[in-house]
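Right, one structure below, let's go through it.
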Amino acid sequence: MTKQVFYRTGDRMPDIYYFKLIGARAYQEKVNRKIDPGLPLAVSFQDSILDCDENSYKDGVRPGDTVRQAKLASPLCRIVQVSDSTSNELKHILDAFATMTPFIEPDKEGCGIFLEISDGKSLDEIFALLDGMFHIAIVTKSRSKFLAKASSVWIAQKLFQERQIAPGKKPWGYVGTGANYIFIDIKQGKEAVYSTGMPLSLLWLLPPDMISHLYALGFSTFKDLQQIQANRLASQIGDWAYPVIDWVNGRDRSQVKPLYPKPYIEKAVTIENPMDTLTPQILEPALREVSERLIQSGTGFKHLIITLSGALKPVVREKRSVRPVCRFEALKVLVFHLFEEMVSELDHEVLCRVSAILLTFKDIDRVPVAQMVLGQSANRNIAQTSVSLELALTGIEQKYGDSALIWGHKHSKIFTPEILRRERMLAFWDPVRFGKTQVPAS
């Protein structure tokens, strides 16, 4: 797998930044969906507001509101529902950050991004790259990755409650404010001083039930936990006590992972005699190797790029898939179809100058495990799946959305009545197995 490797130099713990960006996801959705920039917009995930733009924010909409609250605050606000709440969707901002540092880790929840930025980069330089891509940025700089995020979330909560954030020097560091940002700089060694007033709900690495347990034990702030020994706390909550005591005191040696851009695979095929060998079949060995590599790692690609190069201006075509693709037959049909389209569009004179084909497989992601109906044979499912049908269904989903198709059997001759009755019973307590429209009929 083609993946650039980066190295940290020296023993010094790097400064870690956490950017909590309000309005960034709304901006990205407006760009993706070509929505009028002047229209108030909020982005929702599972009936909760994930993000909102400047217009809806001024109307009173806040991240964390319910959709109903957002509609009451801003009746003209358009609500866009999304199925992915992670910061991987902030493409424009992530691409801008990628010009500064290889150490970029999109947060798995909310609109936040971890960064390691080399010395010498000022905040003004960073924000210049993000001009117009967000409404408000709350940025924390700390040696503790845990505290960097907890701090930015804490300040955001204060901001949403319209509490004043006073700028200037502090016993623990510095607060800077600008027209559209708040910057928290926590000095090394002062992490515990800064975090004393934080509520336990900001222990974002701790399971929610464990946070509730701490509240039930009478703890309410980080300061309460700073005053107790880890061994004593362990008698109450077990081994979680040791990382918790480290977190509330600002001790955290975890580093930012270089997760953006995602890894990709490239395969180059050399062409010696274009007129004799420029057929899709010459790509089969490379495709088989790529397929084996993807299957072994349990991953698939969702973005295919084919580049024809040589004594000509490179010819590039690309195709996207809704689901990750890894199986050889599906991979072969996708590549062959796109390749044949490219060749059919080029003149004879241009084809004679092609000397290499570059296949690039991007947006590599884990292949979801398909849940099978009770009694179904795994071999049967693989053997009888039509690749052309798979492509057609993928095209429908790409055009109309992931929920356009519901997978399952309306009628089945495979199961005996006993198995069908059992499946109906399972459907009552296993909502993952079936949706409302997928319960087998007896």
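The values are calculated or read from the model by the stated rules, or taken from the named source; none is laboratory data. Since the model is a prediction, treat every value here as computed from it, not as a measurement. So basically every Cβ, Gly included, is an ideal-geometry build from the backbone, and we count neighbours across all protein chains shown.
Structural remarks
- The set of residues from region 320-338 being touching a strand residue (DSSP E or B) at 6+ places or on another chain (Cβ under 6 Å) and either among the charged types (D, E, K, R) or more than 17 Å from Y264 (Cβ to Cβ) (or both) comprises just one member, R320.
- A single entry from T270, T221 fulfils the requirement of being among the β-branched types (V, I, T), touching a residue at least 24 places away in the same chain (Cβ under 8 Å) and loosely packed, with under 15 Cβ neighbours inside 10 Å: T270.
- Taken together, the criteria place S235 among residues that are loosely packed, with under 15 Cβ neighbours inside 10 Å and farther than 30 Å from C352 by Cβ.
- Considering each residue of region 97-119 in turn, at least one proves to be more than 25 Å from R62 (Cβ to Cβ) and over 21 Å from the mean Cα position of the chain (by Cα).
- Among the conditions (1) closer than 24 Å to R62 by Cβ; (2) surrounded by fewer than 14 Cβ atoms within 10 Å (Cβ to Cβ); (3) at pLDDT 95 or above, P171 misses just one, which is (1).
- Residue check, L200 surrounded by 19 or more Cβ atoms within 10 Å (Cβ to Cβ) and free of Cβ contacts under 8 Å to residues at least 40 places away in the same chain: yes
- Any chance E289 is of a type in the set (D, E), at pLDDT 85 or above and farther than 22 Å from V354 by Cα: yes
- Condition check for R8 on (1) under 23 Å from F146 (Cα atoms); (2) basic (K, R); (3) modelled with pLDDT of 95 or more: one failure, at (3).
- A330 vs. criteria in the same structural domain as L351 (by TED's automatic domain parsing), in contact (Cβ under 8 Å) with a residue 60 or more places away in the chain and among the small types (G, A, S): yes
- Residue under evaluation I237, criteria (1) more than 24 Å from K108 (Cβ to Cβ); (2) of a type outside the set (G, A, S); (3) over 30 Å from the mean Cα position of the chain (by Cα); (4) part of a helix (DSSP H, G or I), criterion not met: (1)
- Just one of the numbered conditions (1) at pLDDT 90 or above; (2) surrounded by 15 or more Cβ atoms within 10 Å (Cβ to Cβ); (3) in a helix (DSSP H, G or I) is not true of I305: (3).
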